[in-house]
Amino acid sequence: HAIGLGALEDARRDGDAAAYSLRSTSGTMAREPVLVARRRVPPGSEPYDFYPGCRAIVVFVGGFSTRLRLLCDLLIDAPPAGRRILAVGAEDFPSLEPIFQNFQPDCFAGVPPFIAGALERVQDTGVRTGVRAVHMHGEPFTAELDMHFRGWLPNAVFMDIYATAEAGRLSSHACGHLPFGIFHPLPEVRVEVDAPDAATVTSVGLALGS
């Protein structure tokens, strides 16, 4: 199955293929793989800053292919000059503290339990107090995690974001008015309701494009 592949025709016409990313699901869980073409930079716009105000970001990710896709997306997003991003996997956990002491992160991003597992191995208070933002996705930010995180990272602001395996991140930053875990879509994302009826909504779709 293909989603958004009409965007490739736009890329050919406009000569701006570098503004796009390709993403594919694994095809596991008894489903066919899904390939998504996404324009990460809307026409006439600057790249969306996924980490505003942050200069040293640690992204907790899984396998090598996920890290490679993340790095390719960062090349498209054109992060601000001087920004550093470190992709960390579970195999890095035994040596995290010296890595973080050298990197001096001010932002963590990833799935909450993954971040919690890393923080259990970092005792340096200088590293913990230096983190100013935590961007989370993938699993609920429970009251227990909230208690632990605020103890580990006393100076951090916690943000929940919405992302899918098929398309990546879809929500913008918290606006300050909506409840925690409720989002506005990114500028190039629109929400569509498919085949509604009087009682229920049968499905909700997310359309990518300008």
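Nothing in this text is a laboratory measurement; each read-out follows from the coordinates by a stated rule. A quick note: this is a predicted structure, and the numbers were derived from the prediction, not measured. In this analysis, Cβ positions are derived from the backbone assuming ideal geometry, glycine residues included, and neighbour counts consider all displayed protein chains.
A few points about this structure:
- Annotation: amide H-H contacts under 5 Å for VAL88 (H modelled 1.01 Å from N, sequence separation of 5 or more, or interchain): VAL59, PHE60, VAL61.
- A compact globular protein would have a Cα radius of gyration near 2.2 N^0.38 Å; the ratio found for segment 87-158 is 1.00.
- The label point for ARG121 and the one for ASP49, both projected 7 Å from the Cα toward the Cβ, are 3.2 nm apart.
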